[in-house]
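Working notes, structure below.
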Amino acid sequence: MKVEAELLELKLKAPFGIAHGVSYSRQSVVFHLDDGLGEAALAPYYGVTPEAAISYMQSEAVLEVLSGDLSAPEHVLAALPDGPRPAMAAVDMAVHDLFGRALGMPLYRLWGLDPDRAPMSSLTIGLDDEDTIRRKVEEAEGWPILKVKLGSGDPEADVRTVRLVRELFDGGICVDANSAWPVDVAADVIPRLAEYDLMFVEQPIPWKGNVDGWHRLREALPPDMPPLIADESVHVAADIPPLAGAVDGINIKLAKCGGLREARRMIEVARTLGMSVMLGCMVESSVGITAAAHLAPMVDYLDLDGNLLVTNDPYRGARVEKGRLYMPDGPGLGVRPAGDEG
Ligand SMILES: [Mg+2]
């Protein structure tokens, strides 16, 4: 068994601004397990360092689990020790990749999923000044859905941003405040944003220990608001039930939850509670994006544009063009190095 951790410095095409800060580049660690690949995308606001991710991947406890029978990934992954979620996700993806490769089939096929059933993906417009947002919306021509980042620090400016995008764009618009608004501000701003016909509002309020905040927000809002989607507030399946009745849906990301196995559990829990499911991503390479994309036919909303923001993605796999998802047909994840077109 060959194990390797590859640190990536992903350079962004343009500075990417969200309520947690502005990024010019992001780090990821790609985990190689023989021919299997997985990615730990390290969003700075979750505080996992490359060193912590690599030390998990190379720990004796993890290596011992991986020396088991990988033809039954469900059991192998259930035995993985707890650790930083992005690193667990990388290990989970690589095990799934090897499993699919051994059986000669793409994961979505092994799961009985039809990639043509995937919803259209949104394109993200980061926090920016008015002229830049105007230009980015114009460049997004042909995309069916835009996800607009809010939480600039000035709720009035956030409302103006949504009004501007709605003036320029006929398609679906969703917004993501990345935890920026206190509950009373969110309760005031969301009904005003609702006038611009939004698909949903993602993570309006602070996430840490804030189950109560979601329930207060729901009580404060009038009926018939756009659906509320929890992102930072929901990392793993156990986070979902306390939010029943307060949120309408959840945003699943492999780097948050620890991989495909936990993501599938989350989809089941959310469905059981009548919630909608969004599949999102971090800024990451085609390894992490492609792994997530195998689940796309199971969800309602797709936000898998993270690799499109990167100039030096060393891998190729799933790609989103004007919102439509195209899956590779190779076995396992179907990811290959850039430049290897075979
Ligand atoms: Mg989000």
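The values are calculated or read from the model by the stated rules, or taken from the named source; none is laboratory data. These numbers were taken from a predicted model, which means no experiment stands behind them. Because the Cβ atoms are built from the backbone with ideal geometry, glycine has one as well, and the counts that use them run over all protein chains shown. The area values use the complete protein model at the heavy-atom level, side chains included, leaving out ligands, DNA and RNA. Shrake-Rupley method; radii C 1.70, N 1.55, O 1.52, S 1.80 Å.
Of the listed residues Lys13, Lys149, Lys322, the order by accessible area with a 1.4 Å probe, largest first, is Lys13, Lys322, Lys149. What is the stretch 3-107's relative contact order, in percent, from Cα pairs under 8 angstrom and six or more apart in sequence? Once divided by the residue count of the stretch 3-107, the mean separation gives 26 percent.
Rolling a 1.4 angstrom probe over the protein heavy atoms with all chains in place gives the chain an accessible area of 41 Å² per residue.
Computing Rg and the Kirkwood Rh from the Cα coordinates of the stretch 181-222 gives a ratio, Rg/Rh, of 0.95. Structural descriptor for the chain: relative contact order 20 percent, calculated from alpha carbon pairs under 8 angstrom and at least 6 residues apart. Note on the stretch 109-337: Cα Rg divided by 2.2 N^0.38 Å, N the number of residues, gives 0.99. Remark: for residue pairs Lys208/Lys256; Lys136/Lys253; Lys13/Lys147; Lys208/Lys253, the C-alpha separation exceeds 21 Å in Lys136/Lys253.
Taking 0.36 nm per residue of separation and subtracting the Cα-Cα distance, full extension of the segment from Arg192 to Ala102 would add 27.1 nm. Listed peptides 279-286, 166-173, 101-108, 225-232 appear in the order 279-286, 225-232, 101-108, 166-173 once ranked by packing, highest mean of other Cβ atoms within 10 Å at the front. The distance separating the Cα centre of the stretch 111-143 from that of the stretch 6-24 comes to 17 Å. Backbone geometry of the stretch 7-14 corresponds, through the Karplus equation with coefficients 6.51, -1.76 and 1.60 at θ = phi - 60°, to 3J(HN,Hα) couplings of 7, 10, 9, 8, 8, 8, 4, 8 Hz, x marking Gly and Pro.
The simple Förster model, with R0 at 56 Å and r as the Cβ-Cβ distance, assigns Met1 and Val211 a FRET efficiency of 0.85. Label positions at Ala238 and Arg324, each projected 7 Å from the Cα along the C-beta direction, are separated by 4.3 nm. In the stretch 161-182, which residues have a backbone nitrogen under 17 Å from the label point lying 7 Å from Glu130's Cα in the Cα-to-Cβ direction? 161-169, by backbone N distance to the label point.
The translational diffusion coefficient of the stretch 82-172, from Stokes-Einstein at 10 °C and 1.306 mPa s with a Kirkwood hydrodynamic radius over alpha carbon pairs, comes to 96 µm²/s.
Phi-derived couplings, Karplus 6.51 cos²θ - 1.76 cosθ + 1.60 at θ = phi - 60°, listed residue by residue for the stretch 209-217: x, 10, 4, 4, x, 4, 5, 5, 4 Hz, with x used for Gly and Pro.
When the inverse distances between all different Cα atoms of the stretch 296-342 are averaged and flipped, the Kirkwood radius reads 11.9 angstrom.
For the pair Glu9 and Thr49 in one chain, pulling the backbone fully straight at 0.36 nm per residue adds 13.1 nm over the alpha carbon distance. Placing Trp207, Trp181 in order of accessible area, with the largest value first and a 1.4 Å probe, yields Trp207, Trp181.
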